[in-house]
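Colleague: I have a structure here, written as structure tokens, and I will follow up with some questions on it.
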Amino acid sequence: MAQPNNSSHSTTVAFIIGVILIQLLVACGGGGGNSGNEPPPPPPPLSACGAAVEGATCKTIEVESIGERHFYLYQPANQQGTLPLLILLHGAPGTPRTINSFIDGVNFAEENGYLLAIPVGEGDFAWSSQVTANSAISKDSLFVSAIINDLVTNHQGDSDNVYITGFSAGGFMIYQLACEIPEQITAAMAISGQFRGEQQACDAAAPTKIHHVHGTNDPDVPLNGRQDGIASVSDTLAIWEAVNNCDSTTTISAEFVITSDGKTATTRRYDNCASALEYTQVALGEHDENYDLVVLHQMMIDFFRND
């Protein structure tokens, strides 16, 4: 009669025990790490400015009677002495990152020597851009004014060269600023966004150099305005034709290509203004156009820097 193989039996038992131990270790996360049942660590919090703008720094500023607000600041790498200021105002919905991408703001500032600020709007509509008969300056005009003062005081900004570009709801904001703090603005460009509010309530203390850019096929903010207080482009320009003391005559440029897909535009310049007033109309242009950035940047430089 054959005898049982004790060695083989022991090996089998050891193997089974080993498998059980391995399973227990795996279930416990390897014995020394986090348990597989524990949640992963939370992601790092977003900055107060939201999604990052490459190369820019999130800044917090205290606005009198308003509280803390935030903006991105970009300073050219080789800044020497005072620099002109460029402020970009995003749309709604929108963020500093979206307006920076739309304008290519950081590259524009680096290549042309501007101190760049991109404020963060609040709420669903982003900006308190509606001009009303209330004599108080809006919270967002106070915010932009505080940014200008901060850049001049703390970052070698030039108070005599303050330029603002706004898109869509940021364009609405351009016109509120021109009504409420024109003395702080050297020139402004509004893209796809016109005056919003009560036209008779705009009591501008000084003219403002303004360039409006708009597409004829804009479905979101049409040339003819909207019923929710957004004026037509023609009514918007009429306000600043009077404020800037322009003649009723205009000069129209030759047609030029303004978008990456070949859409063309013309620029209408109002004659003999105390501060320049211009309107670039994009034939068949939509709300959020793919502008040729070389052309758009040159338009900004020419308008900002020319008297």
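Colleague: Answer yes or no: is there a residue in segment 126-139 that is at pLDDT 95 or above, surrounded by fewer than 19 Cβ atoms within 10 Å (Cβ to Cβ) and touching a helix residue (DSSP H, G or I) at 6+ places or on another chain (Cβ under 9 Å).
Modeller: No: zero hits.
Colleague: Where in segment 197-289 are there strands (runs of 3 or more DSSP E), lying fully within it, with 1 or more residues that are hydrophobic (A, V, I, L, M, F, W, C) and closer than 22 Å to PHE167 by Cβ? I'd like the intermediate steps shown before the answer.
Modeller: Details: elements: 209-215, 250-252, 264-270, 277-282.
Here the list reads 209-215, 264-270, 277-282.
Colleague: Inside segment 207-230, can you point out the residues that are under 27 Å from LEU83 (Cα atoms) and either surrounded by fewer than 22 Cβ atoms within 10 Å (Cβ to Cβ) or at pLDDT below 95 (or both)?
Modeller: PRO207
Colleague: Restricting to segment 130-174, what's the tally of residues that are out of contact with any Leu (no Cβ under 7 Å at 6 or more places or on another chain) and under 16 Å from TYR114 (Cα atoms)?
Modeller: 8
Colleague: Next question, about the same structure. Quick one: is LEU177 among the aliphatic types (A, V, I, L, M), assigned to a helix (DSSP H, G or I), surrounded by 24 or more Cβ atoms within 10 Å (Cβ to Cβ) and under 16 Å from the mean Cα position of the chain (by Cα)?
Modeller: The answer is yes for LEU177.
Colleague: Any idea which residue in segment 120-149 is farthest from SER65 (Cα to Cα), counting only those that are among the small types (Gly, Ala, Ser) and in contact (Cβ under 8 Å) with a residue 60 or more places away in the chain? Before the answer, list the steps.
Modeller: Start the filter on segment 120-149 by keeping residues that are among the small types (Gly, Ala, Ser), which leaves 121, 123, 126, 128-129, 133, 135-136, 138, 141, 145-146.
Within this subset, residues satisfying the condition of being in contact (Cβ under 8 Å) with a residue 60 or more places away in the chain are 129, 133, 146.
Working: SER129: 18, ALA133: 20, ALA146: 11 Å.
So, considering only residues that are among the small types (Gly, Ala, Ser) and in contact (Cβ under 8 Å) with a residue 60 or more places away in the chain, the one farthest from SER65 (Cα to Cα) is ALA133.
Every residue, every condition in (1) modelled with pLDDT under 95; (2) in contact with a Gly (Cβ under 6 Å, 6 or more places away or on another chain); (3) surrounded by fewer than 24 Cβ atoms within 10 Å (Cβ to Cβ), yes or no:
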residue: THR153; (1), (2), (3): no, no, yes
residue: TYR163; (1), (2), (3): no, no, yes
residue: SER168; (1), (2), (3): no, yes, no
residue: MET173; (1), (2), (3): no, yes, no
residue: GLN184; (1), (2), (3): no, no, yes
residue: ALA188; (1), (2), (3): no, no, no
residue: ILE191; (1), (2), (3): no, yes, no
residue: GLN194; (1), (2), (3): no, no, no
residue: GLN200; (1), (2), (3): yes, no, yes
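Colleague: Examine segment 96-109 for a residue that is within 16 Å of the chain's Cα centre (by Cα), part of a loop (DSSP other than H, G, I, E, B) and either under 20 Å from PHE167 (Cα atoms) or modelled with pLDDT of 95 or more (or both), and state whether such a residue exists.
Modeller: yes
Colleague: Which one is modelled with the lowest pLDDT, of the residues in segment 29-66 that are in a loop (DSSP other than H, G, I, E, B) and surrounded by 13 or more Cβ atoms within 10 Å (Cβ to Cβ)? Full working, then the answer.
Modeller: Step one: filter segment 29-66 for residues in a loop (DSSP other than H, G, I, E, B), giving 29-46, 48-49, 51-56, 64-66.
Checking the rest, the ones that are also surrounded by 13 or more Cβ atoms within 10 Å (Cβ to Cβ) come to 29, 48-49, 52-53, 55-56, 66.
Details: GLY29: 43, ALA48: 82, CYS49: 87, ALA52: 87, VAL53: 91, GLY55: 92, ALA56: 95, ILE66: 89.
Among residues in segment 29-66 that are in a loop (DSSP other than H, G, I, E, B) and surrounded by 13 or more Cβ atoms within 10 Å (Cβ to Cβ), the one modelled with the lowest pLDDT is GLY29.
Colleague: Between a residue in segment 213-242 that is free of Cβ contacts under 8 Å to residues at least 40 places away in the same chain and any residue that is in a loop (DSSP other than H, G, I, E, B) and charged (D, E, K, R), which pairs come within a Cβ distance under 7 Å, given they are 6 or more apart or on different chains?
Modeller: Listed pairs, sorted by first residue: none to list.
Colleague: In segment 71-94, what residues are farther than 17 Å from HIS287 by Cα and assigned to a loop (DSSP other than H, G, I, E, B)?
Modeller: GLN75, PRO76, ALA77, ASN78, GLN79, GLN80, GLY81, THR82
Colleague: Which of the residues that make up segment 88-119 are out of contact with any helix residue (DSSP H, G or I) (no Cβ under 6 Å at 6 or more places or on another chain), over 21 Å from PHE304 (Cβ atoms) and in contact (Cβ under 8 Å) with a residue 12 or more places away in the chain?
Modeller: Result: PRO93, GLY94, THR95, ARG97.
Colleague: Among the residues in segment 160-172, are any farther than 20 Å from ALA190 by Cα and in contact with an Asp or Glu (Cβ under 8 Å, 6 or more places away or on another chain)?
Modeller: Among the residues of segment 160-172, not one is farther than 20 Å from ALA190 by Cα and in contact with an Asp or Glu (Cβ under 8 Å, 6 or more places away or on another chain), which makes the answer no.
Colleague: Does ALA204 qualify as being in contact (Cβ under 8 Å) with a residue 12 or more places away in the chain, surrounded by 14 or more Cβ atoms within 10 Å (Cβ to Cβ), more than 21 Å from the chain's Cα centre (by Cα) and closer than 24 Å to LEU86 by Cβ? Reasoning before the result, please.
Modeller: Numbers: in contact (Cβ under 8 Å) with a residue 12 or more places away in the chain: yes; surrounded by 14 or more Cβ atoms within 10 Å (Cβ to Cβ): yes; more than 21 Å from the chain's Cα centre (by Cα): yes; closer than 24 Å to LEU86 by Cβ: yes.
Criteria met by ALA204.
Colleague: While we're looking at this one, here's another question. Between VAL144, VAL162, VAL152, which is aliphatic (A, V, I, L, M), part of a helix (DSSP H, G or I), within 23 Å of GLN75 (Cα to Cα) and within 19 Å of the chain's Cα centre (by Cα)? Quick ask: steps written out before the conclusion?
Modeller: Values: VAL162 fails: part of a helix (DSSP H, G or I); VAL152 fails: within 19 Å of the chain's Cα centre (by Cα).
One residue alone meets the criteria, VAL144.
The values are calculated or read from the model by the stated rules, or taken from the named source; none is laboratory data. Predicted, not measured: the structure shown is a model, and the values here were computed from it. Cβ: placed from backbone, ideal geometry, glycine included. Neighbour counts: every protein chain shown.
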